[in-house]
1. Name the residue that is most open to solvent (accessible area, probe 1.4 Å), counting only residues in segment 185-201 that are on the phi < 0 side of the Ramachandran plot and within 20 Å of the chain's Cα centre (by Cα).
2. In segment 21-30, what residues are in contact with a helix residue (DSSP H, G or I) (Cβ under 9 Å, 6 or more places away or on another chain) and touching a residue at least 12 places away in the same chain (Cβ under 8 Å)?
3. Just one of E77, E89, E17 is farther than 22 Å from P255 by Cβ and either part of a loop (DSSP other than H, G, I, E, B) or open to solvent by 50 Å² or more (accessible area, probe 1.4 Å) (or both); which is it?
4. If I filter segment 47-54 for residues that are under 28 Å from A185 (Cα atoms) and in contact with a strand residue (DSSP E or B) (Cβ under 9 Å, 6 or more places away or on another chain), do I get at least one hit?
5. Based on this model, can you work out whether V288 counts as farther than 11 Å from I6 by Cβ and surrounded by 22 or more Cβ atoms within 10 Å (Cβ to Cβ)?
6. In segment 92-109, which residues are of a type in the set (D, E, K, R) and buried (at least 17 other Cβ atoms within 10 Å of the Cβ)?
7. Where in segment 187-299 are there strands (runs of 3 or more DSSP E), lying fully within it, with 2 or more residues that are within 30 Å of K52 (Cβ to Cβ), hydrophobic (A, V, I, L, M, F, W, C) and away from the ligand (no atom under 16 Å from the Cβ)?
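The values are calculated or read from the model by the stated rules, or taken from the named source; none is laboratory data. Please read these numbers as outputs of a predicted model, since none were measured by experiment. A quick note on method: Cβ atoms are made from the backbone with ideal geometry, for glycine too, and the neighbour counts reach across all protein chains shown. Just so you know, the surface numbers come from the protein's heavy atoms only, side chains and all, with ligands and any DNA or RNA stripped out. Shrake-Rupley method; radii C 1.70, N 1.55, O 1.52, S 1.80 Å.
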Amino acid sequence: MNYDVIGDIHGQADKLEALLAKMGYSKQGGLWIPPKGRQAIFLGDLIDRGPKQLQVLETVRTMIDAGHAQTVMGNHEFNAIGYVTPNEEVPGEFLRKHSDKNKDQHREFLRQVGEGSDLHNEWVNWFRTLPPFLDLGGIRVVHAFWHQAHVDLVSEHYNPKEGWNESFLHASFEEPTAGWMAMEALTKGLEVDLPEGHFFVDQSGIRRTRIRTKWWLTDATHYREIALMDQEQLHRIPDIPFTDQFAPMPIVGAPVFVGHYWMTGTPSIQTCKVACLDYSAAKDGPLVAYRWDGETELDDSKFVFAGAK
Ligand SMILES: [Mn+2]
């Protein structure tokens, strides 16, 4: 089987349809059918932010049910589960707090689905079935960070036939359990603290002392090399060697695909074993796919994209 791996959609149904059409998928009734011998693989973050989230969910689920697609869970689907699941230790609270920030991030989904409706419940129950990663043999797929030890831990509590061990899934919202660390890594990536006294200011004007990292640069030595952020902010990151917080294992074997990182510019691979397919489709960027045909080393010529403003 060859795969078309597709980045974070965030409710942009028009971009999804444009991309599928561009790749030769045909729409029959409500179902998108891939060209022979191919399957669509979604990287998660189907929801939040965009205008047509239910249409995206319907499209993807219909494809999955017909055997034409698979998806992993993104941090937004993970968060959606925590948002509605009561915290049994704190009456009246939920596993994901209903703080202003969390509400804000989830607002469009709640509005479109109808907060507390049967439909809301139905979709969150579907999110609960989504795998945290996929090892498809020739490729591996996860929302943000393939870290073998975390993958191994999570795979003890999820299997494709029976789904999740619900109590593990619930515990993974509780910092700092091993389950929490593993799900943070898989769905949000590898973050490190800057040295004492250093910070940068993010897009929302918030002062931050932790950075997202380019975990695929396993030979990197300096903070500025591994910082994953807007170019204009990079001067704020100290150009000094980092401590042992950053020590990802090199990816060997099957290539790994991730989304999550709000890339900009022309889609290109991170290394010959790692490609990020999130190019900010949630805002003005294109929805990006990588058309994988069995290669063990990834190639810039395999990207396809649609829908950029
Ligand atoms: Mn994400």
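1. E191
2. Y25, G30
3. E89
4. No, because not a single residue in segment 47-54 is under 28 Å from A185 (Cα atoms) and in contact with a strand residue (DSSP E or B) (Cβ under 9 Å, 6 or more places away or on another chain).
5. Taking the combined requirement at face value, the residue does not satisfy it.
6. Residues satisfying the conditions are R96, E108.
7. Passing ranges, in order: 287-292.
For every residue, the table says whether it meets (1) at negative phi; (2) at pLDDT 95 or above; (3) in contact with a Lys or Arg (Cβ under 6 Å, 6 or more places away or on another chain).
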site: A254; (1), (2), (3): yes, yes, yes
site: F257; (1), (2), (3): yes, yes, no
site: I269; (1), (2), (3): yes, yes, no
site: C272; (1), (2), (3): yes, yes, no
site: G294; (1), (2), (3): no, yes, no
site: D300; (1), (2), (3): yes, yes, no
site: A306; (1), (2), (3): yes, yes, yes
